Amino acid sequence: MPALQPARGTQDLLPEAARRHRRVIETARDMAALYGFAEIATPIFEFTEVFARPIGEHTDIVSKEMYNFTDRGGEEVTLRPENTAGVVRAVLSNGLTQSTPLKFFYSGPMFRYERPQKGRFRQFHQIGVELLGVPQPQADIEVIALGQRILVALGIADRVTLELNTLGDPASRAAYREALVGYFSARVSELSEDSRRRLERNPLRILDSKDPGDQRLNSEAPDFAAYLNDASRDFFARVSDGLDRLGVAYRRNPRLVRGLDYYTHTAFEFVTTDLGAQGTVIGGGRYDGLVELMGGPAMAGVGWAAGIERLALLIAEPPAPARPIALVPIGEAAEARALALAEQLRDQGLVVDLGYSGNIARRMRRADRIGARAAVLLGDDELARGAATLRDFDSGDQSEVALDALAARLTALGR
RNA sequence: GCGGGUGUAGCUCAGGUGGUUAGAGCGCCAGAUUGUGGAUCUGGAGGCCGUGGGUUCAAGUCCCAUCACUCGCCCCA
């Protein structure tokens, strides 16, 4: 075991992993741009109340998972556990509420103090979108369609299914919550220990319990559909119809609920069975009460966040970077010449790697190991003639090439 | 916070019931080949056996603790 370890739940993104992350981010950013979402970057830490109030004091995120601390000036700050609250804060701070609709895309690290497991970390990365100021279901439909499009572009749409539910408006939700509490309160003795706690804090959560006993009770629990008022039922129907018209497949999951308090109406998750216990790859929904809760005007909002690590685990290996050309100088005069030649070749857009030290064989071996397309040997004899020896690593062919023709020859080699 | 599994070389792993200098494959270094990579052959380096304590004549092996990793629960992306 090495003496130096990364902090629990953090990890180094070595080049291959970093490439996978970058592919996820760039794909998502490009697709979001097609829908008119502009990239935004907010700080990775905020005053603690930015997260504590909207997310809900009694949620696990706030009560035990936040990285919060007092800074040197005595301010209570928190590393962001998610980014919706941060984006809304930025909207309010910058007075953007006048220019709705607002469409934002973001990516970056998030922090939650929890036990790491497969696809779950203390520092993890999310991409996400927020669409603010549009109360109509078209917003929900477009945001979901964007998620689907990203999965398609990443080549993993067939391994992921969209689950869809509605939480109704606040009135519907409150009525249903009351009915649920009544139902489960009469059967507390049959509930699992976890669900007894949920009954106090977040009764809707009992619905997606993994406990078999809870699931038996759930099968006879009140149905949310019966408690939806007309407006809520109509809203959900319009979202569903819109997805149908776009050919976005989904599965209605009446047990799908949200942990965060500010969600209303549409709730959805893109889930997979390929990641162990962490099935959710994209999660989101509508949060019409959030902006007002944070001190702004009444403003609708809908969005989602996706875990980059989880998506990166699902995608195929991204294309390898361009293969370099290795320059192998022989002798001190050639050494100096090689640096200048490397710059000239890079001016032509070629990827150039210098053999830094060792004898010829060693430099050639290193060039081969890094996957070089070809080596250019610079020896005194050739240089005196204004030429170099070009060795094609794929064919093994070798020939002398005039220096002023080198860039063209190398470009012609291709990848 | 709770439960299960695993910690031996850079990586992947062997090391019945305790017994002498702890092994393999891959990788790395060197030579065969001092102006030529890959393939082959030969040689070499590299191990507080996670850490601390205990039992024993003797511990990689048994016991306890601890740390880390990992899978799951809670929760969530």
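Assuming R0 = 51 Å, can you tell me the calculated FRET efficiency for the pair A:ARG369 and A:ALA41, based on Cβ-Cβ distance, to the nearest 0.05?
0.85
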* To do: Measure nothing but the geometry: give the 0 to 90° angle between the long axis through the Cα atoms of A:360-369 and the longest principal axis through the Cα atoms of chain A, rounded to 10°.
  => 30 degrees
* Structure fact -> Between the modelled labels at A:ALA298 and A:ALA277 (7 Å from Cα along Cα→Cβ) the distance in nm is 4.2 nm
* Structure fact -> Contact order relative to length for chain A, counting C-alpha pairs under 8 Å separated by 6 or more residues, stands in percent at 15 percent
* log10 of Debye I(q)/I(0), alpha-carbon scatterers only, for chain A at 0.08, 0.14 Å⁻¹ -> -0.58, -1.22
* So what does the Cα-only Debye profile of the range A:151-194 read at q = 0.32 Å⁻¹, as log10 I(q)/I(0), no solvent term? -> -1.03
* Karplus-derived HN-Hα couplings along the range A:328-337 (A = 6.51, B = -1.76, C = 1.60, θ = phi - 60°), whole Hz, x at Gly and Pro -> 10, x, 10, x, 6, 4, 5, 3, 5, 5
* **Accessible-area composition of chain A, carbon plus sulfur, in percent [1.4 Å probe]** => 50 percent
* To do: Taking 7 Å along the Cα-to-C-beta vector as the label spot, tell me the A:ASP211-A:ASP12 distance in nanometres, rounded to one decimal.
  => 4.3 nm
* How much length is gained on full extension from A:ARG245 to A:GLU75, taking 0.36 nm per residue of separation minus their Cα-Cα distance? -> 56.2 nm
* Asked: Can you list residues whose amide H is under 5 Å from A:TYR67's amide H, if they're 5+ apart or on another chain and H is modeled 1.01 Å from N?
  -> A:LEU79, A:TYR113
* Asked: What are the semi-axes of the equivalent ellipsoid of the range A:325-413, taken as the square roots of 5 times the eigenvalues of the Cα gyration tensor, listed largest first and rounded to whole Å?
  -> 16, 16, 13
* Asked: Which FRET efficiency, nearest 0.05, do A:GLU114 and A:ASP392 yield, Cβ-Cβ r, R0 56 Å?
  -> 0.60
* Dividing the convex hull volume of the Cα atoms of the range A:5-88 by its residue count, what figure in Å³ per residue is obtained? -> 143 Å³
* Asked: Can you work out ³J(HN,Hα) from phi for every residue in the range A:302-309, in order, using Karplus 6.51 cos²θ - 1.76 cosθ + 1.60 and θ = phi - 60°, giving whole Hz and x for Gly and Pro?
  -> 8, x, 8, 10, 10, x, 5, 4
* Asked: How far, in nm, would the chain grow between A:LEU339 and A:SER99 when pulled straight, counting 0.36 nm per residue and subtracting the alpha carbon separation?
  -> 81.1 nm
* Roughly how many Å is it from the Cα centre of the range A:44-119 to that of the range A:287-320, as a whole number? -> 12 Å
* **Potential extension, A:GLU400-A:ALA316 segment - 0.36 nm per residue separation minus Cα distance** => 26.2 nm
* **Binned Cα-Cα distances of the range A:164-251, short to long, each 5 Å bin given as a whole percent** => 2, 14, 23, 19, 15, 13, 9, 4, 1, 0
* the range A:191-308: equivalent-ellipsoid semi-axes (sqrt of 5 x gyration tensor eigenvalues, Cα, Å) -> 24, 19, 17
* Asked: Using a 1.4 Å probe, what is the accessible area per residue for chain A, in Å²?
  -> 49 Å²
* To do: Step through the residues of the range A:179-191 one at a time and calculate ³J(HN,Hα) from phi using the Karplus curve (6.51 cos²θ - 1.76 cosθ + 1.60, θ = phi - 60°), rounding each to whole Hz and writing x for Gly and Pro.
  => 5, 5, 4, x, 5, 6, 4, 6, 10, 3, 5, 8, 6
* Folded to 0 to 90 degrees: helix A:137-153 orientation relative to chain A principal axis, Cα -> 30 degrees
* Considering the dipole of chain A built from charges on the beta carbon (Lys and Arg +1, Asp and Glu -1) around the Cα centre, which of A:GLY36, A:PHE69, A:LEU293 is farthest to its positive end? -> A:PHE69
* Using a Förster distance of 51 Å, the FRET efficiency for A:ARG385-A:ARG29 (Cβ separation, nearest 0.05) -> 0.55
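The values are calculated or read from the model by the stated rules, or taken from the named source; none is laboratory data. This one's a predicted model, so the numbers in the text were calculated from it and none came from an experiment. Cβ: placed from backbone, ideal geometry, glycine included. Neighbour counts: every protein chain shown. These accessible areas exclude ligands, DNA and RNA; they are computed on the full protein's heavy atoms, side chains included. Shrake-Rupley method; radii C 1.70, N 1.55, O 1.52, S 1.80 Å.
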